[in-house]
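Down below is the structure, laid out as structure tokens.
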Protein chains: 2
Amino acid sequence: MAILKYCPECGAAVELRLPQDDHRERYVCATCGTIHYQNPKLIVGAIPEWEDGRILLCRRAIEPRHGLWTLPAGFMENGETAAEAAARETLEEANARVAIGELYSMHSLPYIDQVHLLFRSQLLDLEFSPGVESLEVALFTESEIPWDTIAFRPVKFTLQRYFSERRNGSFHFFSADLAPPTVKPDHHA
Amino acid sequence: MAILKYCPECGAAVELRLPQDDHRERYVCATCGTIHYQNPKLIVGAIPEWEDGRILLCRRAIEPRHGLWTLPAGFMENGETAAEAAARETLEEANARVAIGELYSMHSLPYIDQVHLLFRSQLLDLEFSPGVESLEVALFTESEIPWDTIAFRPVKFTLQRYFSERRNGSFHFFSADLAPPTVKPDHHA
């Protein structure tokens, strides 16, 4: 969990303590007593499909995984729905407009306190371009997808299943839990 | 969003500011410069079904909605998967053991910065009892469900759909977005 040193409420020092009736240690302010909970974050994105079946991917201009390809996705913000988050991230990272469809995949990544949600979506026009967090944005057929340079496993697994199910003619939401990657244990997805 | 007054990193005062390349105001430390992001929280729970078709509900011993009925659910914790969170909450609130099945519903509640996930599940035995956050725990047939005293709309909508789909013989994951309740605008779900 993220390290907390000072109380966001009163500025005094905090300590790790087991609150009454709780089952895990929390950061608790030694002065004002406020308990500071920390919880997993949602990463939300889209699978933008153009009318010819190609999928839009972004090449990352930021860490982690600078230079690798991914679906447009990012941290869900307060005040928005999951679908709105997916559309916003697509607009920010690819300057692309999508109609968000059904939720397609959910991955739990407990080792980094994240849950990833990816939605099916229709790309509405071809006026896309790299946002500030992207080096390139491009459309790919299944065989063109750069499978060896996909940034995150939930994106790779979701795309693999997406193409497989599309060939079979129907999509079904799926969820999966991921353990830390064994090859590159760098605390990313 | 939650109010942040002092920097958790250095204890100095924070201010609301638009960071470079960002699209919304964040709490930023005026002294050390750390940006403190705030994001939606996941509420995760189970729909525990006994072998005779009855569903386990808990009557809340805590606010919000003290005294009303709900499915076992609560804030997802760091270090666990969504399915583990659903099983843990069921154990804590109802001392009940479940086998977690497929994700059944997702509700976005942007006005309180929450996403609710409810999983289908099998109740494994009848040795349940109220946890510290519950007044009562009981099994209900569809006609026995206390529809007028269900604590949260995502729980009510999920149970309605669950029984309807069960009658038709197949379950399908669904998601929905909720606007603030109009009848009792009390900033809860």
Do you know which residues across segment A:58-101 are of a type in the set (Val, Ile, Thr) and touching a Pro at 6+ places or on another chain (Cβ under 9 Å)?
A:81, A:90, A:98
Of all residues in segment A:1-15, count the ones that are of a type in the set (D, E, K, R) and in contact (Cβ under 8 Å) with a residue 24 or more places away in the chain.
1
Residues to consider are B:16, B:4; find the one that is touching a strand residue (DSSP E or B) at 6+ places or on another chain (Cβ under 7 Å), in a loop (DSSP other than H, G, I, E, B) and not assigned by TED's automatic domain parsing to the domain that holds residue B:147.
B:4
If residue B:57 meets every condition in (1) modelled with pLDDT of 95 or more; (2) more than 14 Å from chain A (Cβ to nearest Cβ); (3) not in a strand (DSSP E or B) apart from one, which number is that one?
(3)
With respect to residue B:124, determine if the residue is modelled with pLDDT of 95 or more, more than 12 Å from the chain's Cα centre (by Cα), over 30 Å from residue A:6 (Cα atoms) and assigned by TED's automatic domain parsing to the domain that holds residue B:171.
yes
State the number of residues belonging to segment A:35-46 that are more than 14 Å from chain B (Cβ to nearest Cβ) and surrounded by fewer than 18 Cβ atoms within 10 Å (Cβ to Cβ).
0
Counted residues in segment A:1-34 being acidic (Asp, Glu) and within 9 Å of chain B (Cβ to nearest Cβ) come to 2
Only one of A:80, A:84, A:49 is over 13 Å from the mean Cα position of the chain (by Cα), within 22 Å of residue A:107 (Cα to Cα) and away from chain B (no Cβ under 14 Å). Can you tell me which?
A:49
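Yes/no per residue for (1) surrounded by 15 or more Cβ atoms within 10 Å (Cβ to Cβ); (2) in contact (Cβ under 8 Å) with a residue 12 or more places away in the chain:
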residue	(1), (2)
A:118	yes, yes
A:125	no, yes
A:130	yes, yes
A:134	yes, yes
A:145	yes, yes
A:154	yes, yes
A:157	yes, yes
A:169	no, no
A:172	no, no
May I ask you to list the residues in segment A:2-54 that are at pLDDT below 95 and within 21 Å of residue A:74 (Cβ to Cβ)?
A:2, A:38
Requiring at least 3 residues that are more than 21 Å from residue B:94 (Cβ to Cβ), the strands (runs of 3 or more DSSP E) wholly within segment B:111-189 are B:174-177
Could you say whether any residue in segment A:96-109 is modelled with pLDDT of 95 or more and in a helix (DSSP H, G or I)?
no
Quick one: is residue B:65 farther than 27 Å from residue B:88 by Cα and either facing chain A (nearest Cβ under 8 Å) or surrounded by 16 or more Cβ atoms within 10 Å (Cβ to Cβ) (or both)?
no
Every residue in segment A:32-71 that is of a type outside the set (A, V, I, L, M) and within 21 Å of residue B:41 (Cα to Cα), please.
A:34, A:36, A:37, A:38, A:39, A:40, A:41, A:45
Quick check: anything in segment A:10-19 within 29 Å of residue B:29 (Cα to Cα) and buried (at least 19 other Cβ atoms within 10 Å of the Cβ)?
yes
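The values are calculated or read from the model by the stated rules, or taken from the named source; none is laboratory data. All figures in this text were calculated on a predicted structure; none of them were measured in a lab. Using ideal geometry, Cβ is built from the backbone for each residue, glycine included, and neighbour counts are taken over all protein chains shown.
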